[in-house]
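To start, the structure itself, in structure tokens.
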Amino acid sequence: MGHCRISPFLNLSLALLGLLFAGCGTVDLEVRQGNTNAAMQPRSVAILPFTLEEPVHEKVAPNELFRDCFYNYFSFLGYVDLPLETIDQKLSQAGLTDNKKILELSPEKLRKILGVDAVIRGRVLSASNFTGGIHAETSINAKIDMLDLRTGDVLWETEHKEMSYSGILSPTIVEIIQDQMDNVKVNQAYYKTAEMFSISMMKEIPDPADSWKEEIRLPKITSIETNLKPSLKLKPNDRIYVNLKGDPGLTGYFGIGSWKSDIPLKEIVPGLYTGSYTIKASDEVSSSLIVGKLKNKNGLTGKKFYKNGMAQFDPSPVN
């Protein structure tokens with residue numbers, strides 16, 4: 001039987017094209033420079049229900065999935081964030097059930113209903129999920145901003161399209177089939193894309209924690225390091241190692257995205273905390289940020305996430 005030989009040049013071309021179609025780059029977040037005064041930074045924030053501008057063919061609500069995912073990652077930042085259930089309950093009690101009308105409310109009315117300094121408004125302009133032949137693609141195009149309810153100013157805003165793609169550019173037929181099987185699970189496909197979108201945004205959104213140091217004195221984390229690499233795909237029994245440096249004598253934890261939290265870190269010398277987590281076969285997650293936490297005796301928690309890579313999981317079964 002003859003063998004098909006692929007040239008090294010073609011292999012390289014496919015690899016480069018695969019990287020090109022893996023996503024849509026970083027989020028271009030426009031921050032208003034007039035709101036850098038620490039005293040004016042909003043403390044409490046509510047994420048309003050996201051709207052969907054164009055209907056989708058599947059029986060899913062990508063705007064709701066995106067909001068849930070965004071909240072999970074936004075909670076890593078130093079804001080006091082109102083739980084989504086509390087937000088929805090307060091809006092419902094005020095007789096507000098139309099998501100588009102909620103986004104049109106005045107800052108004064110929103111502040112009276114929700115009792116927060118600022119809100120995040122999300123409009124999913126379009127969302128699509130397609131699987132056919134050897135091509136699978138899921139995309140979310142959305143406009144998101146933060147509105148200061150005290151002043152009526154937009155503090156930051158972005159419009160971005162995130163896409164997860166697989167198909168003929170995948171390295172092997174096995175991966176193509178696996179990607180398509182994953183894409184048929186529409187909820188998971190949308191959530192994966194929303195997660196990529198959210199993670200990119202978290203790297204750009206201003207974190208107010210630093211501006212509160214003098215007033216609140218949150219536990220300080222100076223650095224967080226892991227053994228993760230951009231190309232590393234974790235499999236069952238692989239271990240994630242985390243080293244965190246910060247204030248000494250505190251309780252340390254780290255989390256993996258929104259699905260695994262409060263993994264203990266041990267202080268091995270003053271101010272140096274270390275810990276690890278071993279991947280299990282039952283862990284079903286595509287990629288997640290690593291978040292370190294230090295908590296003091298008063299319950300105040302400092303947070304810092306690892307920006308140089310994510311925990312990426314290989315869904316292939318282990319033989």
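Pairs are defined by a Cβ separation below 9 Å, a sequence spacing of at least 6 or placement on different chains, a first member in the range 92-108 that is farther than 14 Å from GLU53 by Cβ, and a second member that is among the hydroxyl-bearing types (Ser, Thr, Tyr); the pairs so defined are ILE102/THR51; PRO107/THR151. Restricting the range 53-69 to residues that are surrounded by 20 or more Cβ atoms within 10 Å (Cβ to Cβ) and over 17 Å from LEU114 (Cβ atoms), which is nearest to the chain's Cα centre (by Cα)? Only one residue tops the list, namely CYS69. Might you check whether a residue that is at pLDDT 75 or above and over 21 Å from GLU195 (Cβ atoms) occurs anywhere in the range 304-316? No, the conditions are met nowhere in the range 304-316. Select from the range 281-300 the residues that are part of a loop (DSSP other than H, G, I, E, B) and within 20 Å of the chain's Cα centre (by Cα) and write down the one among them that is surrounded by the most Cβ atoms within 10 Å (Cβ to Cβ). Applying the filter and picking the extreme gives LEU289.
Restricting the search to the range 26-65, which residues are modelled with pLDDT of 80 or more, outside any loop (DSSP other than H, G, I, E, B) and of a type outside the set (A, V, I, L, M, F, W, C)? Result: GLU30, SER44, THR51, PRO62, ASN63, GLU64.
Which members of the range 219-269 meet the condition of being surrounded by 15 or more Cβ atoms within 10 Å (Cβ to Cβ) and without any contact (Cβ under 8 Å) to a residue 40 or more places away in the chain? Of everything in the range 219-269, those that are surrounded by 15 or more Cβ atoms within 10 Å (Cβ to Cβ) and without any contact (Cβ under 8 Å) to a residue 40 or more places away in the chain turn out to be ASN243, LYS245, PHE254, GLY255, LYS260, ILE263, LEU265, GLU267.
The values are calculated or read from the model by the stated rules, or taken from the named source; none is laboratory data. The structure displayed is predicted, hence computed values, not measured ones. Quick reminder, even Gly has a Cβ in these numbers, built from the backbone with ideal geometry, and neighbours come from all protein chains shown.
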